[in-house]
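Notes follow the structure.
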Amino acid sequence: MQVSRYSRRDLLKASAASAAAAFFAEPLRAAAPPASAVTPALVEAATKEGKLSFYSALELNVAERLARNFEAKYPGIAVRVERSGAERIFQRIAQEQGSGIKAVDIANSTDPAHYLDWKKSGWLEAYVPEEVAKHFPSDQVDPDGTHATACAWVEAIGYNTGLVKREDAPKSYADLLDPKWQGKIVKGHPGYSGAILTATFVLSRDLGWSYFEKLAQQKVMQVQSAADPPKKILLGERAVMADGNDYNLVLLKDQGKPVEVVYPTEGAPLIIVPSGIFRGAPNPNAAKLFQHFFFSAETQQMLVDVFAHRSFHAQVKEKGAHIPLADLKLLKADPAAVQAQSEEIKKRYTKIFGV
């Protein structure tokens, strides 16, 4: 456990090669535990614990809605939401674990590479809810059962329809380099947001770092979270966003706000959000019950209907006219490669954009 006392830079230098090898070589693994159901005994044990610590990189309103819905379904169990950017959650958990502090019961992150670190360190508890085993595709479930994808979305381009005509709007990442957008673009930062880190990884891989060097010449407004660019274009502080959560724009558009989402012709980065229980959690039964709740068809459908997130649950349906993932060209990340390159990506990005 001594590795957890190091910075992420130190940790990655020591483990990047072995983690990448583990991801690609798929060595012998311990078998995932049998799928578990919600039983009266589990509910009773969770209720006796009476509380739960939920670390989340989801937006605060989403995390709070999950917490309040869980509390309504299971009275007597209070959920404490600890919400922050994915990279800060990673740092906090590393500090707590390195100090021998067992504070987190369950966590999700918009940076799937975090789960490689946590799993390698032996911090995750193998636990497979029945609905995960029955209704989720195998590529969204850890083979050892330590985590699964609780929800997803894509990073997209977007614009304010009051400031940009549809026929003039960018259709691709290449279009953002047009001089007419200079001083009119906003984007998130990979040093704070796990979603933007993943998006930066796939774009630097597919378009090259020269793309970001050219984009930096556009006098881009830098914000932190992947949820911030949609807010900036809604307010008219910038006309176009170079990246940001598609669901924020989808929800705003549903409300009649003057925004539009654009899925780039080159493809849109897919962001998956795993969830896992921590070994030695102070409230292990409440954590297990929350994991069941999170992956249930009821909660998954709520995430789709209310927050325009995406679900891999086979029984969940896309809402209305929202474009299904299957109809989009997606750019998918390799978590092991993101893990190996994370610090270099943030360092290089900061140097290019000067922030």
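Among the residues making up the stretch 292-309, those that are buried (at least 17 other Cβ atoms within 10 Å of the Cβ) and of a type outside the set (Phe, Trp, Tyr) are 292, 296, 299, 300, 302, 303, 304, 308, 309.
When restricted to residues that are within 17 Å of the chain's Cα centre (by Cα) and crowded, with 21+ Cβ neighbours inside 10 Å, the stretch 336-345 contains 3.
Considering every residue within the stretch 104-115, establish whether at least one is outside the structural domain of residue 211 (by TED's automatic domain parsing), of a type in the set (D, E, K, R) and in a helix (DSSP H, G or I). No.
Here is a yes/no grid of residues against (1) modelled with pLDDT under 95; (2) over 20 Å from the mean Cα position of the chain (by Cα); (3) crowded, with 21+ Cβ neighbours inside 10 Å; (4) among the aromatic types (Phe, Trp, Tyr):
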{"position": "37", "(1), (2), (3), (4)": "no, yes, no, no"}
{"position": "44", "(1), (2), (3), (4)": "no, yes, no, no"}
{"position": "68", "(1), (2), (3), (4)": "no, yes, no, no"}
{"position": "75", "(1), (2), (3), (4)": "no, yes, no, no"}
{"position": "78", "(1), (2), (3), (4)": "no, yes, no, no"}
{"position": "108", "(1), (2), (3), (4)": "yes, no, yes, no"}
{"position": "114", "(1), (2), (3), (4)": "yes, no, yes, no"}
{"position": "130", "(1), (2), (3), (4)": "no, yes, no, no"}
{"position": "137", "(1), (2), (3), (4)": "no, no, no, no"}
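Being assigned by TED's automatic domain parsing to the domain that holds residue 64 and more than 29 Å from residue 218 (Cβ to Cβ) is a property that holds for residue 286.
Pairs linking a residue in the stretch 72-83 that is outside the structural domain of residue 294 (by TED's automatic domain parsing) to a residue that is surrounded by fewer than 13 Cβ atoms within 10 Å (Cβ to Cβ), with Cβ atoms under 6 Å and 6 or more positions apart or on different chains, do not occur. Scanning the stretch 307-317 turns up at least one residue that is of a type in the set (D, E, K, R) and modelled with pLDDT under 95.
Kindly state which strands (runs of 3 or more DSSP E) lie completely within the stretch 137-247 and contain at least 1 residues that are closer than 26 Å to residue 313 by Cβ. Full working, then the answer.
Working: elements: 148-154, 157-160, 185-187.
Strands (runs of 3 or more DSSP E) meeting the threshold: 148-154.
Screening residue 312 with (1) of a type outside the set (Lys, Arg); (2) surrounded by 22 or more Cβ atoms within 10 Å (Cβ to Cβ); (3) touching a helix residue (DSSP H, G or I) at 6+ places or on another chain (Cβ under 7 Å) gives one miss only, at (2). Within the stretch 315-335, being of a type in the set (A, V, I, L, M) and surrounded by 19 or more Cβ atoms within 10 Å (Cβ to Cβ) holds for 316, 331, 333.
Taking the criterion of being of a type outside the set (Val, Ile, Thr) and farther than 16 Å from residue 58 by Cα, the residues of the stretch 306-316 that qualify are 312, 313, 314, 315. Kindly indicate which of 203, 207, 197, 177 is of a type outside the set (D, E, K, R), touching an Asp or Glu at 6+ places or on another chain (Cβ under 9 Å) and more than 20 Å from residue 246 (Cα to Cα). Among 203, 207, 197, 177, only 207 is of a type outside the set (D, E, K, R), touching an Asp or Glu at 6+ places or on another chain (Cβ under 9 Å) and more than 20 Å from residue 246 (Cα to Cα).
In the set (1) part of a helix (DSSP H, G or I); (2) in contact with a helix residue (DSSP H, G or I) (Cβ under 9 Å, 6 or more places away or on another chain); (3) closer than 23 Å to residue 202 by Cα, residue 250 fails one condition alone, (2). Among the residues in the stretch 256-265, are any at pLDDT 95 or above, on the phi < 0 side of the Ramachandran plot, out of contact with any Gly (no Cβ under 7 Å at 6 or more places or on another chain) and outside any loop (DSSP other than H, G, I, E, B)? No. Cβ-Cβ distances below 7 Å connect the following pairs, each with a first residue in the stretch 315-330 that is under 25 Å from residue 134 (Cα atoms), a second residue that is among the basic types (Lys, Arg) and surrounded by 11 or more Cβ atoms within 10 Å (Cβ to Cβ), and a separation of six or more residues or different chains: 325/310. No other residue among 51, 120 is more than 22 Å from residue 191 (Cα to Cα), touching a Lys or Arg at 6+ places or on another chain (Cβ under 9 Å) and of a type in the set (Lys, Arg) apart from 51.
The values are calculated or read from the model by the stated rules, or taken from the named source; none is laboratory data. Nothing here was measured: the structure is a model prediction, and the numbers come from that model. Backbone-built Cβ (ideal geometry, glycine too); neighbour counts: all protein chains shown.
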